[in-house]
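Report on the structure given below.
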Amino acid sequence: MGQVIRLKDAKIYQQKELVLNNINFELQANEIIYLIGKTGSGKSSLLKTLFGELPLTDGKGDVAGFDLLTLKRKDIPMLRRKIGIIFQDFQLLMDRSVIKNLYFVMQSTGWKDKQQIEQRATGVLKMVGIESKANLMPHTLSGGEQQRVAIARALVNKPELILADEPTGNLDPETSEEIMRLLITVAKEEKSSVIMATHDMSMVEKFPGRVFRVENGGMKEVDNLNRFDPFKTLFNE
């Protein structure tokens with residue numbers, strides 16, 4: 001399957017301010033990576049660079065076969081067709097039904113055939129266990145159900161990569177574990193790699209993957225979570 005992401009000496013800017021410097025890491029197919037760090041440390045900026053919202057201007061970056069340095073605006077929808085994105089606050093469109101949220105994403109990333117769109121959208125809703133809610137409006141759903149819709153939306157394009165930014169941040173602990181288990185399971189089924197920014201260390205321990213700490217303008221892999229106190233490291237510096 002090969003490599004999904006490669007960043008070399010990358011510099012990440014947010015409104016011309018250098019947020020992360022000399023970022024080097026690789027993500028292989030079917031791999032899970034967690035990003036941990038304080039709020040404002042640059043985790044979200046890194047994710048935004050990976051899906052083309054923030055341009056990469058220094059260093060090298062390849063994501064799902066796209067060169068971030070030479071990425072043109074017109075090519076961003078095709079990059080995003082290979083990436084599923086899950087946000088903490090769900091970011092569902094509240095003026096249309098659950099299934100029409102999925103249709104919107106599919107049509108904006110190049111799907112044309114109505115029958116194929118309906119078949120795939122129905123399939124991913126079934127995969128995440130909410131096919132019965134397809135015609136409901138998002139505001140009528142619980143937080144956990146809305147996040148299931150967000151996961152379904154992220155999966156519609158059979159992405160090589162899923163980017164999740166604090167996907168359990170607005171959920172209670174029981175629902176958080178349920179959503180994490182679902183996300184990891186469907187990512188494996190769909191053969192998608194996952195990068196997840198999170199503060200929830202209990203989830204990192206329950207669902208193992210490589211862990212990178214983002215702090216002081218850099219990013220460093222953590223070898224063994226058992227040997228470091230995440231709260232001391234992240235919050236008492």
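Under 14 Å of direct C-alpha separation, and excluding same-chain neighbours fewer than eight residues apart, K206 reaches these aspartates and glutamates: E174, E177, E178. Extending 7 Å from Cα along the Cβ direction at E17 and again at L69 yields two label points whose distance is 2.7 nm. At full extension, N216 and K60 could sit 54.1 nm farther apart than now, given 0.36 nm per residue minus the alpha carbon distance.
Please give me the summed charge of the neighbours of P159: other residues whose Cβ is under 10 Å from its Cβ, Lys and Arg +1, Asp and Glu -1. Could you put the intermediate results ahead of the total?
Values: positive: R80, R81, K82, K158, K191; negative: E160, E190.
Net local charge, P159 excluded: +3.
Protection proxy ranking of 50-60, 186-196, by the mean of other Cβ atoms within 10 Å over each peptide's residues and highest first, is 186-196, 50-60.
Here's the list of lysines a cross-link from K11 could span, going by alpha-carbon distance under 30 Å and ignoring same-chain residues fewer than 8 apart: K38, K43, K48, K60, K72, K74, K82, K158, K191, K220, K232.
Let's see if you can work this out: charge +1 on each Lys and Arg Cβ, -1 on each Asp and Glu Cβ, no other charges. What is the dipole magnitude of the chain about its Cα centre, in debye to the nearest 20?
Values: 33 positive and 31 negative charges, 171 e Å.
The calculation lands at about 820 debye.
Since only I76, L7, T49 are under comparison, the one whose Cα sits farthest along the positive direction of the charge dipole of the chain, derived from C-beta charges on Lys, Arg, Asp and Glu, is I76.
Rank by packing, highest mean first: peptides 40-47, 20-27, with packing defined as the count of other Cβ atoms within 10 Å averaged across residues. Working shown, then result.
Values: 40-47: 21.8, 20-27: 17.8.
Descending packing order for the listed peptides: 40-47, 20-27.
In the range 3-235, taking the dipole from charged Cβ atoms about the Cα centre, the farthest positive-side position among A64, M127, I179 is held by A64.
Using the beta-carbon distance between R96 and T185 and R0 = 30 Å, what value does 1/(1 + (r/R0)^6) give for FRET efficiency, to the nearest 0.05? Can you show the working numbers first?
Values: r = 27 Å, r/R0 = 0.91.
Approximately 0.65, to the nearest 0.05.
Taking the centroid of alpha carbons for each part, the range 46-91 and the range 109-154 are 23 Å apart. Based on DSSP H segments of at least four residues, each scored -39500 (n - 2.57), the chain has a per-residue ellipticity at 222 nm of -10000 deg cm²/dmol.
Most simply put, the chain has about 55% antiparallel DSSP beta bridges, counting only bridges with both residues inside it.
Read-outs: derived from the displayed coordinates by stated rules, not from any lab. Just so it is clear, the model here is predicted, and its values are computed rather than measured. Because the Cβ atoms are built from the backbone with ideal geometry, glycine has one as well, and the counts that use them run over all protein chains shown.
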